[in-house]
There are 2 protein chains.
Amino acid sequence: MTSLAMIEAAATRLQGHIRRTPLLGSPFLDEIAGRRILVKAENLQHTGSFKARGGWAALSAMDKATLKRGVIAYSSGNHAQGIARAAAHHGAPATILMPSDSPRIKIENTRALGAEVVLYDRAVQDREKIGGDLARDRNLTLVKPFDNEQVIAGQGTCGFEIADQAKALRVEQAEVLVNCGGGGLTSGIALALEARAPKMVVRPCEPVGYDDTARSLISGRIECNEATTGSICDAILTPSPGTLTFPIIKRLCGPGLVVPEADALRAMALAFSRLKIVLEPGGAISLAAALFHGDQISTDTVIVVATGGNVDPCVFAQALETLDA
Amino acid sequence: MTSLAMIEAAATRLQGHIRRTPLLGSPFLDEIAGRRILVKAENLQHTGSFKARGGWAALSAMDKATLKRGVIAYSSGNHAQGIARAAAHHGAPATILMPSDSPRIKIENTRALGAEVVLYDRAVQDREKIGGDLARDRNLTLVKPFDNEQVIAGQGTCGFEIADQAKALRVEQAEVLVNCGGGGLTSGIALALEARAPKMVVRPCEPVGYDDTARSLISGRIECNEATTGSICDAILTPSPGTLTFPIIKRLCGPGLVVPEADALRAMALAFSRLKIVLEPGGAISLAAALFHGDQISTDTVIVVATGGNVDPCVFAQALETLDA
């Protein structure tokens, strides 16, 4: 179980290797939302997403012999890049199992960061099986994308920054909207804020049709998605919340927010024109919730974690087209 | 003449009202450039450009009676927004004279920030004359976009941040590439670095055909551009360096870098894919110089000031198209 002390230790190990990303905002976005929106721009993190935190936290916690044997990860691309970057720095060979329909930029970047990429078909092949076989054959250590104590601790460091940055703005009370796949970031931030900003409440955000966490929070047990393909929000399409992450989410988070993916494109366009940042669809669901579904939010200030920006240009161009509508 | 003390005083007045923008980088950009590139992301500044600094510095230095009468500014859009934002906060009515061919987003934002926008034809009308007439008729104080001591001091605060942030990365020696129109930012940063990072050298960057500052540095006196329209780099199309800014630039800066505007589009595309930030063409000339004209740069690390991100979606889409080439 990830503890506050583990997040604090991860924050120390991450120092100098991970960016303290800015908390942005715009009066134009506030006007649309009818409340103040503060955007934690994790798209500006190394590798273009918060996953660089968890990857670094996991590898920097390993002993030298483990690192030397190498690591394996499965990921649609953001965890892949986070692991690849941390592995290159720690001298660990990295094998990354990626869905063949991942955005091209994510596959290319993962390779360019020095990892070996193995592609699989997300619709018909079982990544756990392929990953398990590869790990055994090559004697590699598997770093799961969210169900890993150190990964959760690494993502939690983002919560420390949110607490500090909000405090500097004298914001105590806020709902904190987090794009949620398996729940590593959601649970990590929730743990960090429980200690450092206890009046804040984390709300997991998911696209319509992939609302496993929202439904799990309602039923009180881990629910699954029917599909894990078919959405532009590739970064957060996981089968279900994790066995490590869900108990934390259940204990600490407010109800999930479920948003049509078309709203993510509109949010990307507004992030472009108002914040001058690049978001990927799965990184913009939280902003979409704040901008277009404010009736489900209760605080005067809402903090939006913009989790990633690894988007292919054609999808981004599609988002820009919503500006003229 | 802007002094170090004036920049220090401006930094104090700007505290809490202006963002400390991050210094970004990417191994992928370093590889293209063949050296380390650090990008000061002033596109993430309030109003989407560094001009928010100078606008705030100028208005916060005015007495109450002056503010109450109101201010006037002429600008292609970034100075306009900087002044409009500062004026709204200081309770000063703002009249902004803008070229009718300014990007739509800049005109709309300036209005939305509460200023009255007066449009003129940049090719045939003289903005100094129209501005002068309006100022006289309405008893307004003109805030020039660069030839104003307090504006230069405000832009100089960006140089203080660069000095601090580079020091934290143990970077002492670097050329600092600044997109240069009239030279307010260029001269302000040069003054700040002279005091705080004396081994750094500022290099003004301009698009081909609008290289008034580069030519002025060669001839030693103020040279003019033949045209101030016809480039996508609207933010930095000024007739000539200023009478206040040029002496500072001449004393402190290295030779100008002159870059084809098509390279700015390629740099915007790489800033999109590698840094996850939105730059406008006139805000990306410096990055283009670092990426594609490195033969003219002599330091191992180059600091690029990415000055603004106020770009219409159609121009941005055009930049993205260069990625598939």
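Could we say that residue B:70 is open to solvent by 10 Å² or more (accessible area, probe 1.4 Å) and more than 14 Å from chain A (Cβ to nearest Cβ) here? Considered against the rule, which asks whether it is open to solvent by 10 Å² or more (accessible area, probe 1.4 Å) and more than 14 Å from chain A (Cβ to nearest Cβ), residue B:70 comes out as no.
Conditions (1) open to solvent by less than 30 Å² (accessible area, probe 1.4 Å); (2) of a type outside the set (D, E, K, R); (3) over 27 Å from residue A:122 (Cβ atoms); (4) not assigned by TED's automatic domain parsing to the domain that holds residue A:11, marked per residue:
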residue: A:193; (1), (2), (3), (4): yes, yes, yes, no
residue: A:197; (1), (2), (3), (4): yes, yes, yes, no
residue: A:205; (1), (2), (3), (4): yes, yes, no, no
residue: A:214; (1), (2), (3), (4): yes, yes, no, no
residue: A:235; (1), (2), (3), (4): no, yes, no, no
residue: A:240; (1), (2), (3), (4): yes, yes, no, no
residue: A:252; (1), (2), (3), (4): no, yes, yes, no
residue: A:259; (1), (2), (3), (4): yes, yes, no, no
residue: A:284; (1), (2), (3), (4): yes, yes, no, no
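The lone criterion from (1) crowded, with 23+ Cβ neighbours inside 10 Å; (2) within 24 Å of residue B:74 (Cα to Cα) left unmet by residue B:144 is number (1). Scanning the stretch A:286-307 for residues that are assigned to a helix (DSSP H, G or I) and either open to solvent by 30 Å² or more (accessible area, probe 1.4 Å) or over 26 Å from residue A:170 (Cα atoms) (or both) turns up A:292, A:295, A:296. From the residues in the stretch B:26-45 that are facing chain A (nearest Cβ under 9 Å) and over 22 Å from residue B:153 (Cβ atoms), which one is surrounded by the most Cβ atoms within 10 Å (Cβ to Cβ)? Ranking the qualifying residues of the stretch B:26-45, first place goes to B:26. Considering only the stretch A:46-67, state which residues are of a type outside the set (S, T, N, Q), within 14 Å of chain B (Cβ to nearest Cβ) and open to solvent by 10 Å² or more (accessible area, probe 1.4 Å). Selection gives A:46, A:50, A:51.
Within this structure, residue A:85 passes the test of being modelled with pLDDT of 95 or more, open to solvent by 20 Å² or more (accessible area, probe 1.4 Å) and within 13 Å of another protein chain (Cβ to nearest Cβ). Evaluated against (1) in contact with a Gly (Cβ under 6 Å, 6 or more places away or on another chain); (2) crowded, with 24+ Cβ neighbours inside 10 Å; (3) not assigned by TED's automatic domain parsing to the domain that holds residue B:271, residue B:97 falls short on exactly one condition, (2).
Scanning the stretch B:308-319 for residues that are open to solvent by less than 10 Å² (accessible area, probe 1.4 Å) and either more than 10 Å from every other protein chain (Cβ to nearest Cβ) or aliphatic (A, V, I, L, M) (or both) yields B:311, B:319. Might you check whether a residue that is open to solvent by less than 20 Å² (accessible area, probe 1.4 Å) and under 11 Å from residue A:74 (Cβ atoms) occurs anywhere in the stretch A:147-162? The answer is no, given that none of the residues of the stretch A:147-162 is open to solvent by less than 20 Å² (accessible area, probe 1.4 Å) and under 11 Å from residue A:74 (Cβ atoms). Among the residues of the stretch A:1-25, those identified as part of a loop (DSSP other than H, G, I, E, B) and either closer than 17 Å to residue B:276 by Cα or open to solvent by 30 Å² or more (accessible area, probe 1.4 Å) (or both) are A:1, A:3, A:15, A:16, A:17, A:18, A:19, A:20, A:21, A:22, A:25. The residues listed here are A:55, A:48, A:77; of these, the one that is closer than 22 Å to residue A:249 by Cβ and in contact with a strand residue (DSSP E or B) (Cβ under 9 Å, 6 or more places away or on another chain) is A:55. Scanning the stretch B:270-307 for residues that are over 15 Å from the mean Cα position of the chain (by Cα) and among the hydroxyl-bearing types (Ser, Thr, Tyr), we see that the one that is farthest from the other protein chains (Cβ to nearest Cβ) is B:298.
The values are calculated or read from the model by the stated rules, or taken from the named source; none is laboratory data. On a predicted model such as this, the values are computed, not experimentally measured, just so you know. As a convention, Cβ positions derive from the backbone with ideal geometry for all residues, glycine included, and neighbour counts pool all protein chains shown. Quick note on the areas: whole protein, heavy atoms, side chains included, nothing else; ligands and nucleic acids left out. Shrake-Rupley method; radii C 1.70, N 1.55, O 1.52, S 1.80 Å.
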